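Worksheet: one structure, shown below.
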Amino acid sequence: LAIAAHELRNPMTPISALVELLLARARQMSGAVPKGIVEGLERLEQSVDAYLRRATTLLDMSRINSGNLQLETAEADLSVLVRKVTTRTIPAAERAGCRVRLTVQDGVTGKCDATAMEQILENLLSNAIRYGPGQPIEVAFASDGNVARLVVRDEGLGISNRDQAQIFERFRQLGRNCANGGF
């Protein structure tokens with residue numbers, strides 16, 4: 001896994017640098033570059049960053065398997081995190097015909113591993129898009145002052161009771177017709 005992560009990350013380094021350079025130049029030229037180009041480059045930059053984080057997840061898997069994973073917890077603005085990750089997935093949702101409704105309580109902070117939290121939310125949203133094309137997706141985040149609650153609700157296929165017992169098994173992935181018990 002460590003070798004695979006290294007091989008996946010290496011070609012992304014120059015791509016990331018090029019996107020960063022193009023975005024900086026586009027911003028400097030402000031009025032001369034159509035607004036959609038800057039926004040597109042910003043989304044591309046976010047996507048490249050997300051890809052690099054996923055490749056890093058492979059490294060984390062290697063560390064988990066060897067018993068050496070250590071989460072890096074720090075105080076984070078969870079409201080910003082939820083908003084950022086959800087906004088980043090909207091283009092993919094729109095391509096799948098999904099409308100995303102986002103409700104976030106501002107100013108919710110907490111101590112967590114921000115990268116792990118982003119990965120969790122990305123996975124939930126990715127599954128909602130993949131298994132519920134054309135269906136609405138709701139993301140809600142709020143806190144009562146003691147406990148923060150993140151809800152990702154979709155109207156996709158769902159997961160049968162039988163399959164729910166298996167979804168947290170290592171390397172388990174359910175098939176597209178998971179509500180019907182298929183793998």
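Residue ranking by accessible heavy-atom surface, 1.4 Å probe, largest first, among E39, E155, E72 comes out as E72, E155, E39.
Applying both filters, DSSP loop and at most 15 other Cβ atoms within 10 Å, to the trypsin sites (Lys or Arg not before Pro) of the stretch 69-173 gives R99, R170, R172. A simple spin-label model places pseudo-atoms 7 Å from Cα toward Cβ; at E7 and E72 they are separated by 2.6 nm. Based on Cα contacts under 8 Å between residues 6+ apart, the stretch 1-157 shows a relative contact order of 20 percent. Note on N146/I167: beta-carbon distance plugged into 1/(1 + (r/R0)^6) with R0 of 25 Å gives a FRET efficiency of 0.30. The charge dipole of the stretch 1-155, taken about its Cα centre with unit charges on the Cβ atoms of Lys, Arg (+1), Asp and Glu (-1) only, comes to about 360 debye.
The values are calculated or read from the model by the stated rules, or taken from the named source; none is laboratory data. Since we're looking at a predicted model, the values are computed, not measured. Note that each Cβ is placed from the backbone with ideal geometry, even for glycine, and that neighbours are counted across all protein chains shown. Please note that ligands, DNA and RNA were not included when accessible areas were found on the heavy atoms of the full protein model with its side chains. Shrake-Rupley method; radii C 1.70, N 1.55, O 1.52, S 1.80 Å.
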